[in-house]
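K.L.:
This is the structure, below, for whatever I ask next.
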Amino acid sequence: MNEVEKKVSLKVALLTILVLITVLSIGNGILKLPTDIVFIVATIAISIVLLTQGFKGKELQEYFVDGCKKSLLVVLILMSVGMVIGSWIVSGIVPSIIFYGLKLLSPTVFLVSGFLILCVTSFFIGSAYASAGTLGVAFMGIGYGMGIPPALTAGMVVSGAIFGNKISPFADTTNLAVAVTGVELTSHIRSMLYSVLPILVISTILYGIQGMKFSHNSLDVTKIDLITDTLSKHFVISPFLLLVPVLTILLAAKKVPPLIALLISALGGVVAAALIQTNYDINTIFTALSKGFQIQTGVEQVDNLLNRGGIANMMPTVTLSILILGFGEILQRTGIVSAILGSIKNTIKSARSLVLTTLFSGLVTDMLTASQYMSIILPGQMFKSAYKKHNVSLTVLSRTLEDGGTMFSYLVPWSLTAIYLSGVLGVSTLDFFPYAYQAVLTPILAIIYAITGFAIFKEKGNVNEDKEHPEEKSFMQKKLSND
């Protein structure tokens with residue numbers, strides 16, 4: 001499909017952004033309308049503006065449909081995560097994790113332990129989606145049983161899930177940052193350590209301090225006993241069920257594509273349910289994959305923890321994914337995003353302003369396209385030459401793309417990543433925002449580095465860092481077409 005060469009001016013781009021902000025503010029902020037309806041209204045409003053600038057309705061429809069097509073992989077992954085959650089609950093995997101967590105962990109160490117466990121898991125899985133949608137769901141249940149505020153637990157889960165998505169050699173965003181900038185994977189990860197390790201230490205300390213507020217003295221043992229007794233009454237609790245999560249990690253370590261790994265994990269849950277949870281028939285097991293697990297235990301807290309999962313329960317997120325990517329495609333293909341980023345690029349006067357501008361561009365792209373992939377691709381392509389001009393290593397660019405674009409996608413409420421996490425964890429983005437230390441503190445540290453000049457490496461003339469390898473280019477083209 002040929003790209004139409006018409007591009008809007010900066011003036012028109014700013015007008016469309018003003019329209020977008022107005023629609024979002026009134027729709028979400030004042031009228032509290034459903035987010036999917038708000039984005040439909042925003043798409044119509046911006047399309048009207050673009051029609052006055054010479055774009056044809058057929059062209060805009062084509063852009064929107066192309067964006068919807070690009071959501072296919074995201075949609076399949078979301079549906080697979082829903083199947084995993086459903087199968088892991090009906091099989092007793094999630095109930096077992098909650099049971100052992102409540103028995104073995106104390107509230108004082110729960111946040112730190114959960115955070116570090118998720119960091120390790122997400123590193124090997126390489127996916128924040130999979131980490132939060134599996135272990136994250138179980139940790140939400142443990143936190144609930146311990147009386148820890150859901151927003152705090154959700155923030156911890158998001159921070160742990162982010163760790164792997166940011167530095168794991170298996171993560172799609174890690175490899176995408178490498179592909180866009182053309183640096184070596186090992187060089188990128190070494191550069192990432194300058195932002196990852198300090199925030200890891202700070203986050204661990206902060207979760208430790210937060211956990212100290214929930215001592216054994218404040219622990220409601222009666223509530224925990226009620227939850228664990230109810231779980232053991234309706235499920236066979238067994239450490240052998242934890243082999244399925246271990247299998248998931250091994251599949252990721254073997255670089256099995258996330259979609260396939262998730263489907264195998266869901267199948268593992270089905271097999272475990274059929275072999276171990278003999279009180280649930282085959283219809284109940286497969287219904288959990290489709291419509292989610294449903295149970296009435298007589299204990300409301302347990303029902304709230306377990307009645308979830310399934311493809312059907314992911315449909316609201318799937319709908320938003322399709323609409324938002326279609327909307328973002330219009331903004332991208334009509335030149336609105338590039339016009340905004342281009343005007344920002346013109347303000348660059350030094351290495352300091354270059355890094356700060358890259359960070360800000362990641363935020364702008366996340367807000368406009370709702371895609372962490374585009375927040376890496378667009379600024380990466382736009383500022384690569386500027387980094388060379390200012391003799392700044394491209395490993396600084398690859399790191400900054402992740403410190404900005406990847407992190408902001410967890411905090412912009414209408415981004416696909418934030419919408420997914422909010423839906424799976426049952427906590428709104430604005431609620432877990434203050435406790436997602438990895439996402440909040442990483443851009444701040446990047447700003448400090450830019451201002452002080454620390455870890456802003458100068459280019460050493462390594463041709464391998466300047467050359468986009470064929471396999472890297474292929475990866476980037478794949479992301480542009482599929483993500």
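K.L.:
Sorted by average packing, counted as other Cβ atoms within 10 angstrom per residue and highest first, what order do 324-332, 223-231 take?
P.N.:
Top to bottom by mean Cβ count within 10 Å: 324-332, 223-231.
K.L.:
Here's something else I'd like to know. Can you give the helix-only mean residue ellipticity at 222 nm for the chain, where every DSSP H stretch with n ≥ 4 adds -39500 (n - 2.57) and the sum goes over all residues, rounded to the nearest 500 deg cm²/dmol?
P.N.:
About -22500 deg cm²/dmol.
K.L.:
Quick one: what Rg and Dmax do you get for the chain from the alpha carbons, in Å?
P.N.:
Both quantities, over Cα of the chain: 22.8, 68 Å.
K.L.:
Another question, then. Which of the residue pairs Lys69/Lys384; Lys11/Lys388; Lys345/Lys384; Lys11/Lys69; Lys6/Lys389 have a Cα-Cα distance greater than 19 Å in the structure shown?
P.N.:
Too far apart for the 19 Å limit: Lys69/Lys384; Lys11/Lys388; Lys11/Lys69; Lys6/Lys389.
K.L.:
Can you compute the modelled spin-label distance between Leu197 and Leu226, with each label point 7 Å from Cα toward Cβ, in nm?
P.N.:
4.7 nm
K.L.:
Order 304-314, 163-173 from most to least packed using the mean count of other Cβ atoms within 10 Å.
P.N.:
Result, highest mean first: 163-173, 304-314.
K.L.:
Quick check for you: which residues of segment 146-163 have the amide N under 17 Å from the point 7 Å beyond the Cα of Ser106 toward its beta carbon?
P.N.:
From segment 146-163, the list is 146-148.
K.L.:
Continuing with the same structure: Give me the percent relative contact order of the chain, please, defined on Cα pairs under 8 angstrom at least 6 residues apart.
P.N.:
Taking the mean separation of contacting Cα pairs over the length of the chain, I get 25 percent.
K.L.:
While we're here: With charges only on Cβ, +1 for K and R and -1 for D and E, what is the dipole size of the chain about its Cα centre, in debye, rounded to 20?
P.N.:
Charge dipole of the chain: 1000 debye, to the nearest 20.
K.L.:
May I have the convex hull volume per residue, in Å³, for the Cα set of segment 1-107?
P.N.:
189 Å³
K.L.:
Compute the long axis of helix 470-482 from its Cα atoms, compare it with the longest principal axis of the Cα atoms of the chain, and write down the angle in degrees, 0 to 90, nearest 10.
P.N.:
70 degrees
All of the numbers you see were taken from the coordinates with simple rules; none came from a lab. Here the structure is a predicted model, which means the values were calculated and not measured. With ideal geometry, Cβ positions are generated from the backbone for all residues, glycine too; neighbour counts draw on all protein chains shown.
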